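Following: one structure in structure tokens, then a few remarks.
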Amino acid sequence: MFQRRTVVAAKRSVAQWRSLATASPVSSARNHKIVVVGGGTAGLSISHQLLHSGKFAQDDIAVVDPAAWHNYQPGWTLVGGGLKDKQELRKPLNTLIDPKFKFYNEGVGAFAPTENALTLENGDKINYEHLVVVPGINLNFGAIKGLSEALADRNSTVSTIYSYDTCDKAFRNIENFHGGNAIFTQPAGVIKCAGAPQKIMWLALDHWKRAGLYNPASPSESPVKISFATGLPMMFGVPKYSAVLEQMRKDRGVEGLFQHDLLAIDGKAAIFASPEGEVAKQFDLLHVTPKMGAHAFVKNSALANEAGYVDVDDNTTRHKKFPNVWSAGDASSLPTSKTAAAVTSEAPVLVRNLLQSMEGKALDASYDGYTSCPLLTEYGKVLLAEFKYAGVPKETFGDWFGIDQAEPRRSFYHLKKDFFPWVYFNYMLKGNWAGPKGWQ
């Protein structure tokens, strides 16, 4: 959620909310037991779980984030598929923060872990006993030449579900498309929810199929031609689900352009890096997943590993060098898929271990890499991928009912479309939802 406040109207709207936290001006150094950097999924879940421990008084916990809004980002796929309005998937950030927290509505300028302090972008200093670094990751639209300009052009046929401003453009483009080459991309490297780039493709395919514009049995004779261009050598990073999705791709007549990493957009040409060198593919509709990476204030700090992520132990979530620094979610080095579902398992481990550390006790909670991707395969069906470290499936409903979650089901679709957005705002952000382990 670490995004600068750029829209004056948004600020005015937020100012009208008075029910919860208000931003705290900083005039001098402030001291807190815990400072949580980030008011996104991980930041709010962790800070509220810490509060529920009953061990913290007013302002013991501080939350730092410059954003005006908190967005339910997993829902942007639903917006891109015409299933949700984007406005219903966001709330003013200060209304989600408990009034017992000190809320600094500012960005981070720099970390000083050897001093147990950080500096805000306005130059003010905050001191902490423990630091939780969970600001998410940055979307690097500028890393693909021509992408920012194409997205800003309302009349272009280039879109992405990976931002609030453009996720609804994706559905407009799909709905208004009646023929030609449609390309959906996924970059090489780390991204949020690695299944989302093909979720929107499967929804688009189903939309065009229902409109009579695409026939999976005869794609060459259909007005619409569909290609999936991914920087990966496979459809999905977990072998079990990748095999199912690869067969689905073949059965539905989708061209697979593997190890194709989008470099630039030039008019109606998409330029890719491939094993054969740079190649150009003509398109009439292009859905782009941008490149992503660590925020500069994390990447350029002593907290980061070589890739720019907060360098924590894979199991305890504690920093490998600074024992009073912790991280989870997208900003962390945890080697698992970066999803909201991962946070449901990461957050309780981090909270438990941080509290143990504060009391001088051994860390006894361990994160196993659990994450999940509810992968929309058409309107009305979802393949529910759940797995842990090393791509080993860890299926909740498989354990409970003996079903294979690689088979797309309507029940999973309603989890994705209806239940998850509801439980997210009503329980998860308040620290009361632990994913497969239920309410807490």
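The values are calculated or read from the model by the stated rules, or taken from the named source; none is laboratory data. In this text the structure is predicted, and so the values were computed from the model without any measurement. For neighbour counting, all protein chains shown are included, and Cβ atoms are generated from backbone atoms with ideal geometry for every residue, glycine included.
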Query raised in the report: Can you tell me which of 136, 146, 195, 142 is surrounded by fewer than 16 Cβ atoms within 10 Å (Cβ to Cβ) and either under 30 Å from residue 235 (Cβ atoms) or assigned by TED's automatic domain parsing to the domain that holds residue 355 (or both)?
Result: 142
Report task. Could you look through segment 89-104, keep only residues that are assigned to a loop (DSSP other than H, G, I, E, B) and out of contact with any strand residue (DSSP E or B) (no Cβ under 7 Å at 6 or more places or on another chain), and pick out the one that is surrounded by the fewest Cβ atoms within 10 Å (Cβ to Cβ)? Result -> 99
Query raised in the report: Looking at (1) farther than 24 Å from residue 255 by Cα; (2) in contact (Cβ under 8 Å) with a residue 24 or more places away in the chain, which is the one condition that is false for residue 217?
Result: (1)
Query raised in the report: On the given criteria, is residue 395 surrounded by fewer than 17 Cβ atoms within 10 Å (Cβ to Cβ), without any contact (Cβ under 8 Å) to a residue 24 or more places away in the chain and not assigned by TED's automatic domain parsing to the domain that holds residue 216?
Result: no
Query raised in the report: Can you tell me which residue in segment 171-192 is modelled with the lowest pLDDT, limited to those that are small (Gly, Ala, Ser) and surrounded by fewer than 24 Cβ atoms within 10 Å (Cβ to Cβ)?
Result: 189
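Residue-by-condition table, conditions (1) more than 20 Å from residue 80 (Cα to Cα); (2) more than 23 Å from the chain's Cα centre (by Cα); (3) modelled with pLDDT of 95 or more:
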position: 200; (1), (2), (3): no, no, yes
position: 208; (1), (2), (3): no, yes, yes
position: 218; (1), (2), (3): yes, yes, yes
position: 229; (1), (2), (3): no, no, yes
position: 242; (1), (2), (3): yes, no, yes
**Report entry** Residue among 372, 366 that is in contact with a Phe, Trp or Tyr (Cβ under 9 Å, 6 or more places away or on another chain), more than 25 Å from residue 87 (Cβ to Cβ) and of a type in the set (S, T, N, Q)
**Finding:** 372
Query raised in the report: residue 234 passes all but one of (1) closer than 29 Å to residue 405 by Cβ; (2) in the same structural domain as residue 109 (by TED's automatic domain parsing); (3) of a type outside the set (Asp, Glu); which number fails?
Result: (2)
**Report entry** Hits in segment 264-296 (condition: in contact with an Asp or Glu (Cβ under 7 Å, 6 or more places away or on another chain) and among the aliphatic types (A, V, I, L, M))
**Finding:** 271, 273
Query raised in the report: Does residue 351 satisfy being farther than 21 Å from residue 437 by Cα and crowded, with 22+ Cβ neighbours inside 10 Å?
Result: no
Requested in this report: Kindly provide the set of residues from segment 158-170 that are in contact (Cβ under 8 Å) with a residue 60 or more places away in the chain, in a helix (DSSP H, G or I) and buried (at least 21 other Cβ atoms within 10 Å of the Cβ), ordered by number.
Outcome: 167, 170
Query raised in the report: What's the number of the condition residue 191 fails, among (1) of a type outside the set (Asp, Glu); (2) in contact with a strand residue (DSSP E or B) (Cβ under 9 Å, 6 or more places away or on another chain); (3) over 24 Å from residue 413 (Cβ atoms)?
Result: (3)
Query - Condition check for residue 133: touching a residue at least 40 places away in the same chain (Cβ under 8 Å) and closer than 22 Å to residue 289 by Cβ - result: no
Query raised in the report: Does residue 148 satisfy being within 18 Å of residue 269 (Cβ to Cβ), among the small types (Gly, Ala, Ser), out of contact with any His (no Cβ under 8 Å at 6 or more places or on another chain) and not in a helix (DSSP H, G or I)?
Result: no
Query raised in the report: How many residues are more than 30 Å from residue 119 (Cβ to Cβ), buried (at least 18 other Cβ atoms within 10 Å of the Cβ), aliphatic (A, V, I, L, M) and touching a Gly at 6+ places or on another chain (Cβ under 9 Å) when one looks only at segment 272-303?
Result: 1
Query - Among the candidates 155, 181, 173, residue that is touching a strand residue (DSSP E or B) at 6+ places or on another chain (Cβ under 8 Å) and not in a helix (DSSP H, G or I) - result: 181
Report task. Could you tell me which of the residues 140, 71, 122 is closer than 24 Å to residue 350 by Cα and in contact (Cβ under 8 Å) with a residue 12 or more places away in the chain? Result -> 71
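Filter segment 323-371 for residues that are without any contact (Cβ under 8 Å) to a residue 60 or more places away in the chain, outside any helix (DSSP H, G or I) and hydrophobic (A, V, I, L, M, F, W, C) and give the result.
334, 362, 363, 365
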Requested in this report: Answer yes if at least one residue in segment 219-237 is more than 28 Å from residue 278 (Cα to Cα) and either crowded, with 22+ Cβ neighbours inside 10 Å or not hydroxyl-bearing (Ser, Thr, Tyr) (or both), and no otherwise.
Outcome: yes
Query raised in the report: Within segment 380-396, can one find any residue that is of a type in the set (Lys, Arg), farther than 12 Å from residue 238 by Cβ and within 18 Å of the chain's Cα centre (by Cα)?
Result: no
